[in-house]
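K.L.:
Provided herewith is a single structure, encoded as structure tokens, for subsequent inquiry.
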Amino acid sequence: MAGKSGSGGGLIERLAGETPEDSGERRSVVVKGDGRGYRVFIVAGEHSGDALGGRLMEALNKRLAGRIRYLGVGGENMERHGLVSQFPLEDVAVMGPMSILPRLPKIVRRVYQTVAAALSADPDIVIIIDSPEFTHPIAKRIKRQRPDIPIIDYVSPTVWAWRPGRAKKMRRYVDHLLALLPFEPAAHARLGGPPTTYVGHPLIERFDWLQDLDGAELAGRLGLDPSRQVLVILPGSRNSEVGRLMGPFGEALRGLINRGHELEVIVPVVDSVRANVEAELAGWPVKPHLVSGEEDKFKAFRIARAALAASGTVTLELALAGTPMVVAYRVDGVAARLRFLVKVQSVVLANLVLDENAFPELLQEDCEPVRLADAVELLLKDTDDRKRQLEALARIPGKLTIDGPSPSEAAAKQVVAMLEH
């Protein structure tokens, strides 16, 4: 996810530099093919990257039917389209120094395991997807040992927001960057980054499908009271996010109920955080409806009066669904002290796409129950704040649309061009 890149990449890089390349784990060895097809090594580091990778692989499979094989790291979306993953995605899907530290030895081992697998596979191309704290150390080591293998980075790190010096360093190990946001090619050109192509955000591919979803079907299946407003709460897709946000989100919900709001609450969850979400719900004032899967999540967005969401790609998903939102986030203490390095006016992707702060963001000390409840309440009522958000939401699809092929097809076209070159 652009916008959620952690600050643990340097930590992993430093420790990885001191770790023997033979991690002690069995390395995956891939027998080279007969030359009739392409071997693609593709690496994602979290669930949003897995979703992007799955759509890219689907587009590649259409272009190169029967002539492409995959190895790398990913989740169920990428495995559905032919990936053989080296290990479960959950092993490395963490963010922030304090979240990374307890799992650092395993993550470092996974970095070296992935590098070893890539070199054994002798791929025609390597594609890394987002999660620079995990994928970039891998790309650097592959490029160092096999400079002839082209490397594509799908999703730009937030160099336009903080640590701009990363852009120039990326030129050493990234041959081409595929950007999801329209302002990113100019940012990399200004900062001396690698050649960059704006391919559009793949979420726009789901816009028509999303508009056709039957939210009433979900409401009936969950037994929602039609006299109550629906509030969707999204505490994140990482356990570290869930741990920091479920408490203040639950207390904000308590505040809204104490003010007289009668609500049906839906919490979309991914399997990797479900157990922690369920454990945290014990302290909530009402029992929400938990839903899983993309279709039910977007159906929930369609019938929601408002959403309270962790910052991330989900803000663009809510925007395309037309759901007014309050965005909140907390990071660990180490990352919080680095806030002075952030160079943009917002960390909310929907705001960055619009180039205006249309959606409120309550971060760190501002992410507290009373302020969250105040902000959400303005969206539950017919207020000027709600009206302004609805007007802003209507502009976002146009900002993410590009002429010509779909974003995934545009990304696949760049990959194929490099393969054939």
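The values are calculated or read from the model by the stated rules, or taken from the named source; none is laboratory data. Fair warning: this is a prediction, and the values are worked out from it, not measured in the lab. For neighbour counting, all protein chains shown are included, and Cβ atoms are generated from backbone atoms with ideal geometry for every residue, glycine included. With ligands, DNA and RNA removed, areas are computed over all heavy atoms of the protein, side chains included. Shrake-Rupley method; radii C 1.70, N 1.55, O 1.52, S 1.80 Å.
K.L.:
With all protein chains present, calculate the accessible area of Glu46 using a 1.4 Å probe and round the result to the nearest 10 Å².
P.N.:
10
K.L.:
Not counting ligands, DNA or RNA, and with a 1.4 Å probe, what is His81's accessible surface area in Å² rounded to the nearest 10?
P.N.:
50
K.L.:
Please find the FRET efficiency linking Asp384 to Arg67, where r is the Cβ-Cβ separation and R0 is fixed at 56 Å, and quote it to the nearest 0.05.
P.N.:
The computed FRET efficiency comes out at 0.50.
K.L.:
Restricting to Cα pairs below 8 Å that are 6+ residues apart, what does the relative contact order work out to for the chain? Please round to a whole percent.
P.N.:
Result for the chain is 17 percent.
K.L.:
Whats the longest run of the chain with zero trypsin sites (Lys or Arg not before Pro) that are DSSP loop and have at most 10 other Cβ atoms within 10 Å?
P.N.:
For trypsin sites (Lys or Arg not before Pro) (loop position, at most 10 other Cβ atoms within 10 Å), the longest site-free span of the chain is 37-336.
K.L.:
Per-residue accessible area for Ile257 at 1.4 Å probe radius, Å² rounded to 10?
P.N.:
60
K.L.:
Related question: As a test of reading the structure, rank Asp124, Asp148 by solvent-accessible area (1.4 Å probe, protein chains only), most first.
P.N.:
My answer, sorted largest first, is Asp148, Asp124.
K.L.:
Turning to a different aspect of this structure: Just to confirm the number: angle between the C-alpha axis of helix 384-400 and the first principal axis of the chain, 0 to 90 degrees, nearest 10?
P.N.:
Relative to the chain, helix 384-400 is tipped by roughly 20 degrees.
K.L.:
A further question follows. What accessible area per residue, rounded to a whole number of Å², is obtained for the chain using a probe radius of 1.4 Å?
P.N.:
Accessible area per residue, the chain: 41 Å².
K.L.:
Then there's this: Would you work out the charge dipole size for the chain about its Cα centre, treating the Cβ of every Lys and Arg as +1 and the Cβ of every Asp and Glu as -1, and quote it to the nearest 20 debye?
P.N.:
1340
K.L.:
Considering only Ala279, Gln211, His289, whose Cα is most displaced toward the positive end of the charge dipole of the stretch 198-307, charges sitting on Cβ of Lys, Arg (+1) and Asp, Glu (-1)?
P.N.:
Value computed over the given set: Ala279.
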